[in-house]
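J.: Once you've had a glance at the structure underneath, I'll fire off some questions.
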Amino acid sequence: MRSPLTILVATMTGTAEMVAQEVQQVLEAQGAAVELRMMDGLDAGIFAAGGFFLVCTSTYGFGNVPDNAQELIDSLESSRPDLSNVVYGVIALGDRTYGDTFCHGGTRFDKLLSSLGARRAGEMLQHDASSGELPEEVAPAWALAWVRQDDEPVGATDGPGAGEGPAQSSESDRARSE
């Protein structure tokens with residue numbers, strides 16, 4: 001199991017934080033060292049030492065990242081650091097009823113980190129708030145399979161757990177109505 005793991009959380013209403021906390025508890029129960037960090041005030045320096053990261057983010061408004069993630073996104077886009085020493089995964093929360101912007105917060109992080117040389121392990125979890133399943137129940141099982149991919153070469157996307165768990169979404173676009 002890859003460890004230590006830093007979970008970076010972007011949220012508007014707290015759902016992504018709740019999901020991240022559930023993931024942290026399950027992984028720690030399996031012996032993983034996990035640090036949960038809200039994205040508030042973070043910049044590209046969070047990735048400077050490299051390592052293993054899990055981005056847990058909602059989508060807000062018309063496909064935007066939550067407000068607490070904007071500084072990190074801006075810093076990554078402006079400084080364009082070499083993230084070749086970073087392995088990451090993404091839990092993206094969204095709502096399919098919003099069509100083109102479904103899970104766009106997570107997709108934005110995925111594309112940006114990849115463009116900077118970071119390597120995604122496995123497939124991104126996309127949780128759909130309109131699916132009837134709670135993200136805090138779906139994400140921990142997905143995360144267990146995701147971290148167990150360490151038997152595969154770093155950055156493999158077709159190893160054990162890749163794509164496991166329903167392709168879904170959550171918190172995200174509910175925030176549009178708040």
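J.: Out of Val34, Val26, I need the residue that is free of Cβ contacts under 8 Å to residues at least 40 places away in the same chain and either in contact with a Ser or Thr (Cβ under 7 Å, 6 or more places away or on another chain) or closer than 22 Å to Val87 by Cβ (or both). Which one?
T.: Within the list Val34, Val26, the selection yields Val34.
Results for (1) touching a residue at least 40 places away in the same chain (Cβ under 8 Å); (2) of a type in the set (Asp, Glu), shown as yes or no for each residue.
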site: Ile46; (1), (2): yes, no
site: Asp67; (1), (2): yes, yes
site: Lys111; (1), (2): no, no
site: Ser114; (1), (2): no, no
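J.: Can you tell me how many residues in region 15-70 are closer than 15 Å to Val147 by Cβ, open to solvent by 70 Å² or more (accessible area, probe 1.4 Å) and not in a loop (DSSP other than H, G, I, E, B)?
T.: Qualifying residue count for the region: 4.
J.: Could you say whether any residue in region 127-146 is in contact with a helix residue (DSSP H, G or I) (Cβ under 7 Å, 6 or more places away or on another chain) and among the polar types (S, T, N, Q)?
T.: Yes, region 127-146 contains a residue that is in contact with a helix residue (DSSP H, G or I) (Cβ under 7 Å, 6 or more places away or on another chain) and among the polar types (S, T, N, Q).
J.: In addition: Collect the residues in region 111-139 that are among the acidic types (Asp, Glu) and modelled with pLDDT under 90, keeping them in residue-number order.
T.: Asp128, Glu133, Glu136, Glu137
Quick grid of which residues meet (1) within 20 Å of Cys103 (Cβ to Cβ); (2) modelled with pLDDT of 95 or more:
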{"position": "Pro4", "(1), (2)": "no, no"}
{"position": "Thr13", "(1), (2)": "yes, no"}
{"position": "Ala29", "(1), (2)": "no, no"}
{"position": "Ala32", "(1), (2)": "no, no"}
{"position": "Met39", "(1), (2)": "yes, yes"}
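J.: Another question, then. So which of Ser114, Ser130, Ser78 ends up being in contact with a Phe, Trp or Tyr (Cβ under 9 Å, 6 or more places away or on another chain), open to solvent by 50 Å² or more (accessible area, probe 1.4 Å) and not in a loop (DSSP other than H, G, I, E, B)?
T.: Numbers: Ser130 fails: in contact with a Phe, Trp or Tyr (Cβ under 9 Å, 6 or more places away or on another chain); Ser78 fails: in contact with a Phe, Trp or Tyr (Cβ under 9 Å, 6 or more places away or on another chain).
One residue alone meets the criteria, Ser114.
J.: Same structure, new question: Could you please find all residues in region 84-111 being among the small types (Gly, Ala, Ser) and open to solvent by 10 Å² or more (accessible area, probe 1.4 Å)?
T.: Ser84, Gly99
J.: May I pose another question? Collect the residues in region 1-14 that are farther than 26 Å from Ser75 by Cα and either buried (at least 24 other Cβ atoms within 10 Å of the Cβ) or touching a Phe, Trp or Tyr at 6+ places or on another chain (Cβ under 8 Å) (or both), keeping them in residue-number order.
T.: Here is the first cut: in region 1-14, the residues farther than 26 Å from Ser75 by Cα are 1-2.
Of everything in region 1-14, just one residue is farther than 26 Å from Ser75 by Cα and either buried (at least 24 other Cβ atoms within 10 Å of the Cβ) or touching a Phe, Trp or Tyr at 6+ places or on another chain (Cβ under 8 Å) (or both), namely Arg2.
The values are calculated or read from the model by the stated rules, or taken from the named source; none is laboratory data. Since the structure is predicted, the reported quantities are computational estimates derived from the model, not experimental observations. No Cβ is skipped: glycine too gets one built from the backbone with ideal geometry, and neighbour counts run over all protein chains shown. Remember, those area values only see protein heavy atoms, side chains included, never the ligands or the DNA or RNA. Shrake-Rupley method; radii C 1.70, N 1.55, O 1.52, S 1.80 Å.
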